[in-house]
Amino acid sequence: MKKFFSIKSLLALTICLVTISCGKNENSQEATNAKISSMIARSDSLLPNYRYVDLDSILSSYNLAKDYNEEMLRMQSNMQNEVKRHENSLQSLATTMQNKLQNNGYLSEASLQADQQQYADMQNKAQRAVAALQSNFENTALMAQKTVNDSIVAYIQEYNMKKGYDAIFFKAATLYINPALDITAEVIEGLNARYNKVK
């Protein structure tokens, strides 16, 4: 009977120790998880109080910049079509004049000079038209660039009022910067949300 009691006591003691051990493991696991969470929170707070954005990524993903880019491509295409139209008109007149010269089509010096004057006038008109288109294209491009830049800067200032960073850099201005400091995706998301709301 004593042996039975001893085995029974030993078994109860073992169960008790296992339970205590498991409880310690659960507590230690919770403690470990808490410690890891604390370390992550601390590591975020140990990051420098500045961030960076990749301007190329913003320009390729910001809807305002994409819309302006499409507008500039349309303007460039229209300008090329206009240049081609003037070139074709001038080429057509030059061909007509050449054929007249070869086939004695000019009955007088005055008619030749009249065609030459018409060609010169057409050439001047084409040059003025192309110069005006080029100037308009350049002015529109500068205005678009300024609008996009101003919009990005204004949004980043607004964004930083909530975040409170000491500085936000352009990635291109750095030789190396920790990728954990990249806020480009957040900025793009905010810019597009704001632009889509206005649009």
When restricted to ASP166, ASP150, the only residue farther than 30 Å from GLN91 by Cα, touching a residue at least 60 places away in the same chain (Cβ under 8 Å) and either touching a strand residue (DSSP E or B) at 6+ places or on another chain (Cβ under 8 Å) or not β-branched (Val, Ile, Thr) (or both) is ASP166
Go through segment 132-173 residue by residue and tally those that are within 19 Å of ALA65 (Cα to Cα) and of a type in the set (A, V, I, L, M). 10
On the basis of being under 19 Å from ASN81 (Cα atoms) and either out of contact with any helix residue (DSSP H, G or I) (no Cβ under 6 Å at 6 or more places or on another chain) or touching a residue at least 12 places away in the same chain (Cβ under 8 Å) (or both), does ALA114 make the cut? no
Might you let me know whether segment 109-131 holds any residue that is open to solvent by less than 60 Å² (accessible area, probe 1.4 Å) and of a type in the set (Phe, Trp, Tyr)? no
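Residue-wise test of (1) at pLDDT 95 or above; (2) part of a helix (DSSP H, G or I); (3) of a type in the set (A, V, I, L, M, F, W, C).
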residue	(1), (2), (3)
LYS100	no, yes, no
ALA114	no, yes, yes
THR147	yes, yes, no
TYR155	yes, yes, no
ASN160	yes, yes, no
GLU186	yes, yes, no
Those residues of segment 60-75 which are open to solvent by 70 Å² or more (accessible area, probe 1.4 Å) and not acidic (Asp, Glu) amount to SER60, LYS66, ASN69, LEU73, ARG74
Go through segment 172-199 and report how many residues are under 13 Å from the mean Cα position of the chain (by Cα) and basic (Lys, Arg). 0
Counting only residues in segment 60-92 that are farther than 30 Å from THR184 by Cβ and among the polar types (S, T, N, Q), the one nearest to the chain's Cα centre (by Cα) is identified as SER77
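The values are calculated or read from the model by the stated rules, or taken from the named source; none is laboratory data. All figures in this text were calculated on a predicted structure; none of them were measured in a lab. Heads up, the Cβs are rebuilt from the backbone with ideal geometry, glycines too, and the neighbour counts pull from every protein chain shown. All accessible areas refer to the heavy atoms of the entire protein, side chains included, with ligands and DNA or RNA removed. Shrake-Rupley method; radii C 1.70, N 1.55, O 1.52, S 1.80 Å.
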